[in-house]
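Chemist: Pasting a structure below so you can have a look.
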Amino acid sequence: MPRVAPTVIRASTPAPAKTRDDASDGYHQALAAHRAARETQPICDPLVRAAAERQIRDRAREPEALFGDGRKALEELRTKAAAQQRSTSSDAARARALQRLAAERAGLTTLTPARPAAAPLTSGIALSQTQISRKQSGAASWSLADIDRLSAHYGIPVPDLLAGVDRAVHCLPARRRAPAPGAAQLTM
């Protein structure tokens with residue numbers, strides 16, 4: 001049998017990475033021609049134009065896999081915020097319980113709630129409690145449709161509603177007004 005010489009596999013030295021800066025003049029000319037042709041041909045079909053814009057936008061985004069550390073940090077921040085929210089709500093519940101206890105010791109049988117029930121408002125203007133709270137706190141803005149529904153719900157013209165709290169309360173129908181603090185409330 002003839003002997004076969006063993007083949008030696010040598011590790012090749014890595015070639016330098018090619019970039020656009022290192023490319024030949026022909027590459028740059030072809031790239032410039034492609035860009036010029038692409039810019040001069042308008043896309044008339046709106047569906048094709050939307051698809052092309054979406055592809056360009058998606059191509060410009062960095063892969064989400066590169067943001068693993070950021071996702072972990074974001075999740076930790078959300079967890080901390082949720083824990084803080086739970087402690088804040090338990091502090092508020094403790095404060096309400098202490099108020100109730102003080103009222104019972106003083107001989108008062110009922111207390112006004114810490115905040116008015118928002119269920120009638122949520123059904124009246126077709127927004128959730130969360131959305132209403134965000135709009136009241138300024139975290140979200142009121143739309144014109146929201147203001148129109150709010151005006152219809154309370155029976156106050158929009159200009160009076162936007163003129164300020166005093167004007168809005170003055171225009172509020174008497175049946176919708178709460179009694180003044182400390183005033184006697186009649187029940188029939």
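The values are calculated or read from the model by the stated rules, or taken from the named source; none is laboratory data. Model, not experiment: these values are computed from the prediction. Virtual Cβ from ideal backbone geometry, glycine too; neighbours counted across all protein chains shown. Keep in mind that these areas ignore ligands, DNA and RNA; they rest on the heavy atoms of the full protein, side chains included. Shrake-Rupley method; radii C 1.70, N 1.55, O 1.52, S 1.80 Å.
Chemist: Using a 1.4 Å probe and ignoring any ligands, DNA or RNA, find the accessible area of V165 and quote it in Å² to the nearest 10.
Modeler: Only protein atoms counted, so the area is about 110 Å².
Chemist: Report the label-to-label distance for Q55 and A33 in nanometres (one decimal), using points 7 Å from each Cα along the Cα→Cβ vector.
Modeler: 2.1 nm
Chemist: Leaving ligands and nucleic acids out of the surface, order Y154, Y27 by accessible area at 1.4 Å, largest first.
Modeler: The ranking, largest first, comes out as Y27, Y154.
Chemist: For E53, tell me the accessible area in Å² from a 1.4 Å probe, rounded to the nearest 10.
Modeler: 110 Å²
Chemist: Also, I was wondering about something else. At T130 and S24, where each label point lies 7 Å from the Cα along Cα→Cβ, what is the point-to-point distance in nanometres?
Modeler: 5.9 nm
Chemist: Would you tell me the accessible area of R61, worked out with a 1.4 angstrom probe on the heavy atoms of the protein chains, in Å² to the nearest 10?
Modeler: That residue has around 130 Å² of solvent-accessible surface.
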